1. Name every residue in region B:259-285 that is within 7 Å of another protein chain (Cβ to nearest Cβ), farther than 20 Å from residue A:27 by Cα and surrounded by 14 or more Cβ atoms within 10 Å (Cβ to Cβ), in order of residue number.
2. Pick out the one residue from A:88, A:140, A:70 that is over 30 Å from residue A:194 (Cβ atoms), within 13 Å of chain B (Cβ to nearest Cβ) and not in a strand (DSSP E or B).
3. With the structure loaded, tell me whether residue A:149 is under 20 Å from the mean Cα position of the chain (by Cα), closer than 25 Å to residue B:260 by Cα and either surrounded by fewer than 16 Cβ atoms within 10 Å (Cβ to Cβ) or more than 14 Å from chain B (Cβ to nearest Cβ) (or both) or whether it fails that test.
4. Tell me which of these residue B:252 doesn't satisfy, since it passes every other one: (1) more than 10 Å from every other protein chain (Cβ to nearest Cβ); (2) part of a helix (DSSP H, G or I); (3) over 30 Å from residue A:155 (Cβ atoms).
5. For residue A:56, indicate whether it is over 20 Å from residue A:125 (Cα atoms), crowded, with 17+ Cβ neighbours inside 10 Å and away from every other protein chain (no Cβ under 14 Å).
6. Within region A:92-112, can one find any residue that is over 30 Å from residue A:181 (Cβ atoms), crowded, with 22+ Cβ neighbours inside 10 Å, at pLDDT 85 or above and within 11 Å of chain B (Cβ to nearest Cβ)?
7. Within region A:387-398, is even one residue within 14 Å of chain B (Cβ to nearest Cβ), touching a residue at least 24 places away in the same chain (Cβ under 8 Å) and surrounded by fewer than 22 Cβ atoms within 10 Å (Cβ to Cβ)?
8. Looking only at region B:199-224, filter to residues that are part of a loop (DSSP other than H, G, I, E, B) and more than 7 Å from chain A (Cβ to nearest Cβ); which one of those is surrounded by the most Cβ atoms within 10 Å (Cβ to Cβ)?
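The values are calculated or read from the model by the stated rules, or taken from the named source; none is laboratory data. Just so it is clear, the structure is predicted and the values come from calculations on it, not from any experiment. Neighbour counts run over all protein chains shown; Cβ positions are idealised from the backbone, glycine included.
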């Protein structure tokens, strides 16, 4: 009896063991590490040699201003600039990338830069740069661009330019500066009125509308040659809108028929094609990056609002319904977002809205803020603001953070346009 | 005086003769009885001194000492009550006439008496021996019985102990089985507890990796990748494989770097390594 019971128990035990052996005791557990984007901790060691300090400072500033990096303070560095990169020195600091190198100043500057992955201890790149001493800033921006590209996978904008108009006594002038407002250069392009400068895709030719001798004309100038030519001479007020992505045409608003309408100027043939036939006012045409559609301002609904339509003139769609006065649309390089200027509580503010008309978002609040322009990477917006008492050019992140003036105090600047690269 | 001496001599001689005769008789009797193991040694001494209450001394002409083999002294006599062997009565004094016949008669009587005595003794002895033997045998038998009984008792005790042990072992086995059953029952709950502990541990690892997960906002919002890791017994993290790459170089690097930076973590529970799948993703901020 006992034996039978024992046997039964034994069998049960064996069965239990077999079952427990079959059971996946070490089943894999999945965990979710879902994170918001964060700034990359980077250590930019001072480059050894002459100009090393200047170059390092510019690189650090670029990375900082990009909003994607958190440059570490120099006093927290775990190795001296002259020392070779050592991974162990940076363990536990959270630093992801380390920049080091040296400069030799001969006839021109020769800069050797290394970028290290501080976590994996890997050298990402080692590159030599050469430049005239006068071009130390562009040189530093070039270095920053390479670091940015390797660390983010995207092209840096540190060598992009800003075009803007300044008001000097009784005339207006076109200016150009680095993306950070440094090295502002007043161009010999002036007018009794000067409006709506626009970049051609080649990042060298600029189009603008100028009033000279009481006549509005549309001009273009190659910045490399500084040769200006008039592309349109017609009656009425003709304001530049946008250059097509392939550079073949120029969108304009022309008032020769009475109320302004949108027209497309063929830059090769000089022919003009009318895009809108409405009785209302249609101005500020902006072409989408794909060249297939345009955004513009129309008061056909009673108040000026933002509309989109196909380049050939149909499929018109109103996208702004908030506010009584929305103007100056511009497309993001990705083509998914449109920034514009809208009146809010009596003041103009910068908004962004998805191209389908959803998700309008106000980015500014101080003073009047107008004439937005996207950076080539779509991460920044340059705009005009009078928050400091007079119009000046400002830059902010596309989400509205980190707004800062880039033109000098006292300089009346407005209508910024960011270069395409 | 001389006569007296000669008589004495004659008497002594006669006595010696009788003794010799007795000895022959006793030998003959002994032969007839066939009583085996006895050996007698008799010491014959010349009666130089007056007869004493000492054991009998037979004075014999001849050598000073003589050892006669036939009448042996009892050696190692097992008999319980040995009587003085051939303890002759004190010789009759001179009152006794030198009557040979009378002497013979006396001697014959005496020898008869002695023979009887001896026979009686022998019978007694035999009886005693038989009794002793019987006793011994009985004792032996008793001992044997006792031994057998003890042996039996021992055997039964051993058997009892063995049974006891067997029962104990059986009980132990049942107890063990019951314990194992109980353990299995409780291991069902402790398995759940283990799973719970492992999940909690995994969440801790999640927090540690999350802290080290740094990627720029240039990474598209829908980017995801899965990395298979194993937390070893000592808390070291081993990267096994990128199960599902994101296709974004920057994001994949950030994921692997997050694990590398996390480095060594607290040892996993129960001293067992834990395989983990880490879903890396970008949080939607739209």
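1. Passing the criteria: B:260, B:261, B:281, B:282.
2. Going through A:88, A:140, A:70 in turn, just one is over 30 Å from residue A:194 (Cβ atoms), within 13 Å of chain B (Cβ to nearest Cβ) and not in a strand (DSSP E or B): A:88.
3. In short, yes.
4. All conditions pass for residue B:252, except number (3).
5. Judged against the criteria, residue A:56 is not a match.
6. no
7. yes
8. B:223
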